[in-house]
1. Those residues that are of a type in the set (D, E, K, R) and either modelled with pLDDT under 95 or exposed (fewer than 13 other Cβ atoms within 10 Å of the Cβ) (or both), I need them from the stretch A:13-36; list them, please.
2. In the stretch B:76-108, what residues are under 29 Å from A:N51 (Cβ atoms) and facing chain A (nearest Cβ under 10 Å)?
3. Which of the strands (runs of 3 or more DSSP E) contained wholly in the stretch B:49-92 include at least 1 residues that are free of Cβ contacts under 8 Å to residues at least 24 places away in the same chain, farther than 14 Å from B:Q6 by Cα and small (G, A, S)?
4. Among the residues of the stretch B:78-96 satisfying the criterion of being surrounded by 21 or more Cβ atoms within 10 Å (Cβ to Cβ) and in contact with an Asp or Glu (Cβ under 7 Å, 6 or more places away or on another chain), which is farthest from A:Q41 (Cα to Cα)?
Amino acid sequence: EPEVTQTPSHQVTQMGQEVILRCVPISNHLYFYWYRQILGQKVEFLVSFYNNEISEKSEIFDDQFSVERPDGSNFTLKIRSTKLEDSAMYFCASGVYGNTEAFFGQGTRLTVV
Amino acid sequence: GIQVEQSPPDLILQEGANSTLRCNFSDSVNNLQWFHQNPWGQLINLFYIPSGTKQNGRLSATTVATERYSLLYISSSQTTDSGVYFCAGETSGSRLTFGEGTQLTVNP
């Protein structure tokens, strides 16, 4: 069964460093998403991406965040200068279209020290 | 954006018991999904159910779109059912809004 895959599964980084989280969405899906979950809290939307551009973003997705689809299969989330409060589980998701079922990857646990 | 309210926040069951989890939405949704978050943090898709009823093994879900709520039924619960159950809805656009979750503990 096709699935969304994320790498790495866990990343530890120093405050102020840049990190890139990687995702391979399901191959025939057109919509891609990033969500995050701070430990013990609910899952929060960050950004959606369609047709090589951001279609929607939340207030959390400020200038330190960026997304890219560098080739036909990968979808990345870059955090430019990490802060302690960026520590969270980051989920990538994809869907055939918007408003259809979204499938989530296993997550990348980011720890900023 | 929409508000998503889940109840109960915590639920403790003995193995074999049945349970019902509820999700209320502040607005009509076009997309509604139920997830199970396992102890490793993975979000497992349970149901995509903007309306109607679906069943998958011991789990079933019903969404009454006109009344803005959805129910998840777990029958004959097992210890492996433990974890957090989230519902999430989408109105227009492309973002899913998640509830706070129901923490389910099934004791042997």
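1. A:E18
2. B:F86, B:A88, B:E90, B:T91, B:S92, B:G93, B:S94, B:R95, B:L96, B:T97, B:F98 - these are the residues of the stretch B:76-108 that are under 29 Å from A:N51 (Cβ atoms) and facing chain A (nearest Cβ under 10 Å).
3. Correct list: B:52-56, B:59-64.
4. Step by step, filter the stretch B:78-96, then rank; the result is B:S94.
For (1) among the hydroxyl-bearing types (S, T, Y); (2) buried (at least 16 other Cβ atoms within 10 Å of the Cβ); (3) more than 11 Å from every other protein chain (Cβ to nearest Cβ); (4) free of Cβ contacts under 8 Å to residues at least 40 places away in the same chain, each residue gets a yes or a no:
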{"residue": "A:I38", "(1), (2), (3), (4)": "no, no, yes, no"}
{"residue": "A:S48", "(1), (2), (3), (4)": "yes, yes, no, no"}
{"residue": "A:I54", "(1), (2), (3), (4)": "no, no, no, yes"}
{"residue": "A:K57", "(1), (2), (3), (4)": "no, yes, no, yes"}
{"residue": "A:F65", "(1), (2), (3), (4)": "no, yes, yes, yes"}
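The values are calculated or read from the model by the stated rules, or taken from the named source; none is laboratory data. Since this is a predicted model, take the numbers as computed values, not measurements. Here the Cβ is made from the backbone with ideal geometry for all residues, glycine too, and neighbour counts use every protein chain on show.
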